1. Long-range amide H contacts for LEU62: which residues qualify at under 5 Å (H placed 1.01 Å from N, peptide plane, sequence gap of 5 or more or a different chain)?
2. Using the Cα centre of the chain as origin and beta-carbon charges of +1 (Lys, Arg) and -1 (Asp, Glu), tell me which of GLY161, GLY394, PRO278 is placed farthest towards the positive end of the dipole.
3. Rounded to the nearest 500, what is the 222 nm mean residue ellipticity of the chain from helices alone, with -39500 (n - 2.57) per DSSP H run of 4+ residues and division by all residues?
4. Under a crude label model (7 Å from the Cα following the beta-carbon direction), how far is GLU362 from ARG275 in nanometres?
5. Quick one: compute the contact order of the chain, relative version, from alpha carbon pairs under 8 angstrom and 6+ residues apart, as a percent.
6. For ALA25 and ASP256, calculate 0.36 nm times their separation in residues minus their Cα-Cα distance, and state this gained length in nm to one decimal.
7. To the nearest 20 debye, what charge dipole does the chain have about its Cα centre, counting +1 at the Cβ of each Lys and Arg and -1 at the Cβ of each Asp and Glu?
8. Determine, for SER385, SER34, the number of other Cβ atoms within 10 Å of each Cβ, and report the residues in order from fewest to most.
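No lab work stands behind these numbers, since they all come straight from the coordinates. These numbers come from a predicted model, not from an experiment. As a convention, Cβ positions derive from the backbone with ideal geometry for all residues, glycine included, and neighbour counts pool all protein chains shown.
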Amino acid sequence: MARTGALQILDLVLDAGSFRSWDGAPVRSTQVDSVPGYAAALERAARSSGVDEAVITGEGTLRGRRVVFIACEFDFLAGSIGIAAAERIVSAIERATAERLPVLASPTSGGTRMQEGTIAFLQMVKISGAVAGHKSAGLPYLVYLRHPTTGGVFASWGSLGHVSVAEPGALIGFLGPRVYEALYQAPFPEGVQVSENLARRGMIDGVVPPEGVRDLTAMALRVLCEDPPSDDEPAPPPGPVRPPETDEAGPPDAWDAITRSRRGDRPGARSFLARVAPDRVPLSGTGQGEDSGSLLLALARFRGQSAVVLAQDRDAENESSPLGPSALRSARRGMRIAAEVGVPLVLLIDTRGAALSREAEEGGLAGEIARSLADLVTLPTPTVSVILGQGTGGAALAMLPADRVLCARHGWLAPLPPEGASAILHHTTSRAAEVARTQGITSADLHAAGIVDVVVPERPDAADEPDAFCDRLADAVASALMEVRRLPPERRYAERMSRYRHLGLALE
């Protein structure tokens with residue numbers, strides 16, 4: 001396939017004429033004069049590629065925002081990374097960190113520059129360290145992988161993005177096919193090291209043509225940089241926080257709420273986000289080769305406010321795609337992104353329950369629930385959880401503890417589905433309704449117990465007024481986000497811990 005050059009991708013992403021190079025003359029590797037023919041190869045590469053090294057760096061603007069761009073040029077010795085290229089990358093990242101600018105990295109490379117051997121190979125350590133330092137400073141690091149990206153480049157700075165997407169049909173992998181074929185005298189399995197396969201398996205967040213990178217990057221940075229509301233976004237109200245609408249109807253019946261929450265036409269997380277955050281940036285899976293499909297992860301804006309969103313997609317839950325350990329590992333990835341960049345986290349709970357299977361047990365389901373709880377309750381960023389519908393078992397609990405918890409009128413939370421609780425207590429599922437009414441699972445019960453802060457009305461049922469309900473819920477989420485963002489971090493954390501520390505205790 002045709003390759004997209006470094007200067008070409010710069011022109012496609014940045015505002016016209018805004019790019020300013022940060023590159024001086026490349027540093028000279030000690031191997032240049034000691035490896036026969038290497039100096040001549042560098043000269044030929046510069047003439048044929050039009051650039052003086054395999055990497056160009058600098059800054060430009062993207063819709064007026066200053067961004068740092070680091071791009072490989074494959075036509076310069078296959079985009080290979082040696083001492084000079086690595087020094088450019090690290091210097092650019094360190095300068096971006098010092099000036100608090102986001103970085104967009106666009107590698108295309110065969111990996112380590114073989115002419116420089118082990119010294120070049122070890123440059124990946126300092127590049128990865130620079131990226132880690134940039135992210136630990138709370139700054140966005142985005143990656144666009146171009147065809148081809150292999151070897152140590154993919155295994156270091158090419159795999160560390162908060163958001164990572166790739167060119168369609170691109171060869172992306174650790175082991176170059178030529179090396180595999182030479183070592184094993186057989187072709188590498190077809191279709192494995194292709195960007196579309198990586199996206200399906202949750203290793204990257206999507207496949208985007210070069211012409212689409214500008215829009216995707218702009219939207220991701222609007223969220224990750226927490227831009228103020230734009231003219232085309234509903235602005236949050238000024239002044240003191242306005243409380244969301246309260247539910248003035250009588251308390252719901254537990255079995256009626258459960259029945260309503262299971263309606264097939266009830267708006268779930270996918271339809272809610274499509275209504276109130278249509279321009280979100282979807283993320284995919286764990287970034288480590290897992291994507292169950294039952295959990296949605298995205299960067300989104302609610303009424304002009306940024307958030308990382310974790311959403312249980314009950315419509316995607318089935319026997320082949322249960323909410324299992326990989327879904328919770330995806331959720332924990334979202335938590336890490338929120339913590340690294342300092343963006344609030346919004347969690348949407350709507351699940352029939354975690355996977356009940358041998359695969360889930362052997363995959364560490366219980367441990368992932370525990371780690372999700374520990375990560376979430378100690379997360380340094382503002383958090384808002386929403387019980388959108390069904391809140392069954394540990395899968396729901398793993399996404400519950402937050403600074404503010406909202407609940408739809410017919411949402412509910414229980415340690416097991418009522419049929420399961422009935423089976424434990426009465427050795428039959430026929431008394432599920434009776435058991436449900438004794439367990440304190442409804443929105444009114446949860447509010448009275450201090451588990452839920454706000455009950456979002458349904459008039460009379462979210463399924464009967466899906467658009468109005470979604471808009472009402474978005475307003476409530478935006479109001480809760482504004483409220484918790486205004487709290488000092490130490491107070492926010494103390495209040496969150498106190499809520500669960502004293503839950504259920506009769507305090508005098």
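1. The answer is ASP15, VAL67.
2. GLY161
3. Numbers: 20 runs with 194 residues, N = 508.
About -11000 deg cm²/dmol.
4. 4.2 nm
5. Working: 1046 pairs, mean separation 54.1, N = 508.
Averaging sequence separation for qualifying contacts and normalising by length gives 11 percent for the chain.
6. Details: separation 231, 0.36 × 231 = 83.16 nm, distance 7.21 nm.
Here the segment from ALA25 to ASP256 would lengthen by 76.0 nm.
7. Values: 51 positive and 62 negative charges, 172 e Å.
Roughly 820 debye, rounded to the nearest 20.
8. Working: SER385 27, SER34 11.
Ordered from fewest to most neighbouring Cβ atoms within 10 Å, SER385, SER34 come out as SER34, SER385.
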